[in-house]
Amino acid sequence: MNKVYDNKAWLLILPMLALVAFSAIIPLMTVVNYSVQDVFDANTRFFTGTEWFVQMLNDPALQSALLRQFAFSLTVLCIEVPLGIGIALLMPKKGWQASAVLILVTLPLLIPWNVVGSIWQIFTRGDIGLMGWGLRELGYEYNITRSAVDAWGTIIIMDVWHWTPLIALLCYSGLRSIPEAYYQAARIDRASRWAVFRFIQLPKLTNVLVIGVLLRFMHSFMIYAEPFVLTGGGPGSSTTFLSQSLTTMAIGQQDLGPSAAFSLIYFLIILLVSWVFYTAIMNMQKDKEGGA
Amino acid sequence: MSQSKPTTPTEVRQRAAVEDKRRRRKARAVPGRLRPKLLLGLYLLFVLLPIYWLMNMSFQSNTEILGGLTLWPDNFTLEHYTKIFTTEAWYMGYVNSITYVVMNMVISILVALPAAYAFSRYHFIGDKHLFFWLLTNLMAPPAVFLLPYFQLYYTVGLFDTHIAVALAHCLFNIPLAIWILEGFMSSVPKEIDETAFIDGYSFPRFFVRIFIPMIRSGIGVTLFFLFMFSWVELLLASTLTSTGAQPIASVMTSTSTASGIDWGTLAAAGLLTIVPGILVVYFVRNHIAKGFALGRT
């Protein structure tokens, strides 16, 4: 679309800007403020410069939490993206079945995050949960409070259960926008099922997939409530992710300076990765406009 | 079966049609066609099984739950639901959650509509940077904002009110709303605006009377997303409230008492948090596919 150059558009943006500034800039500046100071009480504080940042970056507990976080995000992306595409291809396109499947698939997305944790906590308990009980009956010593492998596996299955629908729905909407004529042309060419997917469906999906991967990366990187309810970060600290370390430090121990520095590092990592994705989206749209 | 070579173009077309029909009939007859349905069914089973288990437990008494594993309630009971609907702490949790979610939806959509219009129709100084900055708020981990929010809202005296949570959720909901609405608005041709202005409509009148009705479905889908992200968020909501505006999700953490966890009530409360979501998604089911592509398909 040809946009008009007009700075009066700022007037339309102002109300939004005021609100978002109140809930984003002021808090963020507070964090920046804390991150460079050592606060003892309301009147005693010292400027510390980058000390907290250095301390946080060298903290082995946080380094391992960061590694765990990356491992977790990559694992769930590798499972959820192909699975989501597959489900989108299987979903019916017309009639009441389409609506019914759509609602059922969306269901996990609409459950409060800590309730998701509760659901899986109940589901995986050895004494009263179907999955925990079933695995034990099959002879597997399943115990998420003792075995780190079980805890990890369960959290990943839970995340797949919770978030694959997002990828599936994004892809489903992408698939719906492909005109029937493309498929007809493919039939005339006697294209195989794989060729149809590779050369018609996948190119149409790139746009929504970039958004999907971006959202999934962000959300998996911020994950808090689900593992907190399910495993409480344990056994040991094997499922303690970044958000949980941060909350423990900020609320539990009241270490303002270090936790503020940690917050900023955390935010910057997400920002960096997301910026790369955002630039990718923008370039893709530029290509599309150039081509059309 | 030997066939002579087709001689006329019509004949070629007819034969192709016959061939095509035969191929299609064959494709339909192959039992392999059932496989997609089977796979989808398996996935849906995976989605529904944990939810079924929650429902199963919510209709059992606690003694039955702990007494042994049963695949369906032997002694069907509504005691947990009765408890939730008659205990003030419990049902007020739902009222509180719905209150701040609705407040957040109203605030977000009201400020996002004009802003999205500006982004979709105009170039202005710093528009790209502003848009990116908005998206960064979507990426901010709520844990980062936990402490400053707590202090900020405590200082301005909004701690433990619904509006505090509603404003806090604006952090990620306004950028999201602008992102989705901008896509929907960009698919409305600009000529509509120009014609309206030539016809003598003032901007506010045009916006409310003509433009908003045109993107109804987009607004519906946006509201669905706003509902979804505000409803599921817990970390900020529970930090910014204590007793006066406590969301249901944090009321649920109080089910563990000295005598162990009240599994039945926990299950019933969990199941009830799913209900509003189902209602909302039912209303937008026909537009949701477009909404998930953020209006950009």
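Key figures for this structure:
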read-out	value
Cβ-Cβ under 8 Å pairs, at least 6 apart or on other chains, the range A:1-23 side without any contact (Cβ under 8 Å) to a residue 60 or more places away in the chain and facing chain B (nearest Cβ under 7 Å), far side surrounded by 11 or more Cβ atoms within 10 Å (Cβ to Cβ) and of a type in the set (D, E)	A:A9/B:D127
Complete set of residues in the range B:121-155 that are β-branched (V, I, T) and either farther than 17 Å from B:L236 by Cα or touching a His at 6+ places or on another chain (Cβ under 7 Å) (or both)	B:I125, B:T136
Of residues in the range B:193-236 being among the hydroxyl-bearing types (S, T, Y) and surrounded by 15 or more Cβ atoms within 10 Å (Cβ to Cβ), the one nearest to the other protein chains (Cβ to nearest Cβ)	B:S230
Meets criteria (outside the structural domain of B:M228 (by TED's automatic domain parsing) and either surrounded by 15 or more Cβ atoms within 10 Å (Cβ to Cβ) or over 15 Å from B:I248 (Cβ atoms) (or both)) for B:G67	yes
Residues satisfying the stated conditions in the range B:108-154, i.e. at the interface with another protein chain (Cβ under 7 Å from one of its Cβ atoms), in contact (Cβ under 8 Å) with a residue 40 or more places away in the chain, over 24 Å from A:L271 (Cβ atoms) and open to solvent by 10 Å² or more (accessible area, probe 1.4 Å)	B:P114
Residue that is buried (at least 16 other Cβ atoms within 10 Å of the Cβ) and over 30 Å from A:G153 (Cβ atoms), where the choices are A:V76, A:V20	A:V20
Unique match (being at the interface with another protein chain (Cβ under 9 Å from one of its Cβ atoms), open to solvent by 30 Å² or more (accessible area, probe 1.4 Å), touching a Leu at 6+ places or on another chain (Cβ under 6 Å) and under 27 Å from B:Q60 (Cβ atoms)) among A:W120, A:W133	A:W133
Restricting the range B:221-246 to residues that are in a loop (DSSP other than H, G, I, E, B) and either closer than 20 Å to B:A177 by Cα or in contact with a Leu (Cβ under 7 Å, 6 or more places away or on another chain) (or both), the residue that is modelled with the highest pLDDT	B:E233
Qualifying residue in the range A:56-65 (condition: part of a loop (DSSP other than H, G, I, E, B) and either within 14 Å of chain B (Cβ to nearest Cβ) or surrounded by 17 or more Cβ atoms within 10 Å (Cβ to Cβ) (or both))	no
Any helices (runs of 4 or more DSSP H) falling wholly within the range A:207-292 and containing at least 1 residues that are of a type outside the set (K, R) and farther than 30 Å from A:N33 by Cα	A:225-230, A:256-291
Verdict on A:L230 being touching a helix residue (DSSP H, G or I) at 6+ places or on another chain (Cβ under 7 Å), more than 8 Å from every other protein chain (Cβ to nearest Cβ) and more than 15 Å from A:Q69 (Cα to Cα)	yes
Residue match in the range B:159-167 (condition: at the interface with another protein chain (Cβ under 7 Å from one of its Cβ atoms) and surrounded by 20 or more Cβ atoms within 10 Å (Cβ to Cβ))	yes
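The values are calculated or read from the model by the stated rules, or taken from the named source; none is laboratory data. Remember, predicted model here, so these are calculated numbers, not experimental data. Cβ sites come from the backbone with ideal geometry, for glycine too, and all protein chains shown count toward neighbours. Accessible surface is based on the protein model in full, side chains and every heavy atom, while ligands, DNA and RNA are left aside. Shrake-Rupley method; radii C 1.70, N 1.55, O 1.52, S 1.80 Å.
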